[in-house]
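Student: Before I ask anything, let me first share the structure, which is written out below as structure tokens.
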Amino acid sequence: MIKAMTKRVLYLIACGAGTVRGVGQLIDLAQDQGWDVWLILTPSAVGFLDVPALEAKTGHPIRSAYRNPSDPRDFRPKADAVVVAPATYNTINKWASGASDTYALGILSEVFGYGVPIVVIPSVNQAMTAHFAWQRSVRELRAAGASILFGPGEPHPLGGGHKATLAWELALEEVKRVSHSPDLSQSCQ
Ligand SMILES: Cc1cc2nc3c(=O)[nH]c(=O)nc-3n(C[C@H](O)[C@H](O)[C@H](O)COP(=O)(O)O)c2cc1C
């Protein structure tokens, strides 16, 4: 009997930080680990990236805006995990406040209802992290169940964003740590 291989689905939400230019590395790592990656961009992230090249890499359309009401719904499989990387100051604060005015925030507004691991890797400067709104947002999102981790070099120094790199591996290690899903090697059905 031929067995179908089912891949676990990762929603990767990427925001408009300079470090987003390296998001292809995270896609490669995730695909190497057997994830089917669906990339969602904030509108700000689009300007940093070669979207057609990333669509070719993931094999899926990349959404960065809500559809027009008259357009049909896109197919998107259910997520087994959600990673937000890089997560900006703006998106973290808007997410915590309940805003939903980008497609990415629309997904994040529903994410606690999915019951899947949510891993967030911020890319922010040190001055931003001193703001009370940031501290409150991070505290509240963690309390709601998001795993928010700072890689080496983050938060980065003021004006040092162009030198910052993101700890992409950390995102997937954390997904694995908090995931209750079976190991990918067990996912042949
Ligand atoms: C070159 C460049 C680099 C940026 N890097 C960061 C960053 O590292 N972290 C951050 O929070 N915002 C950064 N920003 C500002 C965000 O793009 C801006 O706050 C935007 O509104 C974020 O939108 P989003 O959260 O919807 O992606 C950067 C902007 C530019 C032009």
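The values are calculated or read from the model by the stated rules, or taken from the named source; none is laboratory data. What you see is a predicted model; the values in this text were computed from it and never measured. With ideal geometry, Cβ positions are generated from the backbone for all residues, glycine too; neighbour counts draw on all protein chains shown.
Student: Across region 138-148, what is the number of residues that are surrounded by 16 or more Cβ atoms within 10 Å (Cβ to Cβ) and either among the aliphatic types (A, V, I, L, M) or within 16 Å of the ligand (Cβ to nearest atom) (or both)?
Tutor: So the count comes out to 4.
Student: Taking the residues in region 10-47 that are near the ligand (Cβ under 9 Å from one of its atoms), surrounded by 22 or more Cβ atoms within 10 Å (Cβ to Cβ) and not polar (S, T, N, Q) as candidates, determine which candidate is farthest from Ser100 (Cα to Cα).
Tutor: By that ranking, first place goes to Val20.
Student: Here's another thing I want to ask about it. Is it true that Pro152 is under 23 Å from Val175 (Cβ atoms) and at pLDDT 95 or above?
Tutor: Taking the combined requirement at face value, the residue does not satisfy it.
Student: Let me ask something additional. For region 112-137: of the residues being buried (at least 20 other Cβ atoms within 10 Å of the Cβ) and among the β-branched types (Val, Ile, Thr), which is farthest from the ligand (Cβ to nearest atom)?
Tutor: Taking the candidates together, the pick is Val116.
Student: Looking at Glu55, Glu110 in this structure, which one is closer than 22 Å to Gly22 by Cβ, free of Cβ contacts under 8 Å to residues at least 24 places away in the same chain and not in a loop (DSSP other than H, G, I, E, B)?
Tutor: So the residue among Glu55, Glu110 that is closer than 22 Å to Gly22 by Cβ, free of Cβ contacts under 8 Å to residues at least 24 places away in the same chain and not in a loop (DSSP other than H, G, I, E, B) is Glu55.
Student: Still on this model: Which of the residues spanning region 80-95 are of a type outside the set (A, V, I, L, M) and more than 16 Å from the ligand (Cβ to nearest atom)?
Tutor: Passing the criteria: only Asp80.
Student: Still on this structure, please answer the following. In this structure, does Leu29 turn out to be touching an Asp or Glu at 6+ places or on another chain (Cβ under 7 Å) and either aliphatic (A, V, I, L, M) or over 26 Å from Leu141 (Cβ atoms) (or both)?
Tutor: For Leu29, the condition - touching an Asp or Glu at 6+ places or on another chain (Cβ under 7 Å) and either aliphatic (A, V, I, L, M) or over 26 Å from Leu141 (Cβ atoms) (or both) - is met.
Student: Restricting region 96-108 to residues that are more than 11 Å from the ligand (Cβ to nearest atom) and aliphatic (A, V, I, L, M), which is surrounded by the fewest Cβ atoms within 10 Å (Cβ to Cβ)?
Tutor: For region 96-108, the residue satisfying everything is Ala96.
Student: If you take the residues in region 68-79 that are over 29 Å from Gly153 (Cβ atoms) and in contact (Cβ under 8 Å) with a residue 24 or more places away in the chain, which one is nearest to the ligand (Cβ to nearest atom)?
Tutor: Applying the filter and picking the extreme gives Arg76.
Student: Next up: Of the residues that sit in region 135-171 and are part of a loop (DSSP other than H, G, I, E, B), touching a residue at least 24 places away in the same chain (Cβ under 8 Å) and of a type in the set (Gly, Ala, Ser), which one is farthest from Leu10 (Cα to Cα)?
Tutor: Filtering first and then ranking leaves Gly159.
Student: Looking at region 23-34, which of its residues are touching a residue at least 40 places away in the same chain (Cβ under 8 Å) and out of contact with any Phe, Trp or Tyr (no Cβ under 7 Å at 6 or more places or on another chain)?
Tutor: Once the filter is applied, which keeps residues that are touching a residue at least 40 places away in the same chain (Cβ under 8 Å) and out of contact with any Phe, Trp or Tyr (no Cβ under 7 Å at 6 or more places or on another chain), region 23-34 yields Val23, Ala30, Gln33, Gly34.
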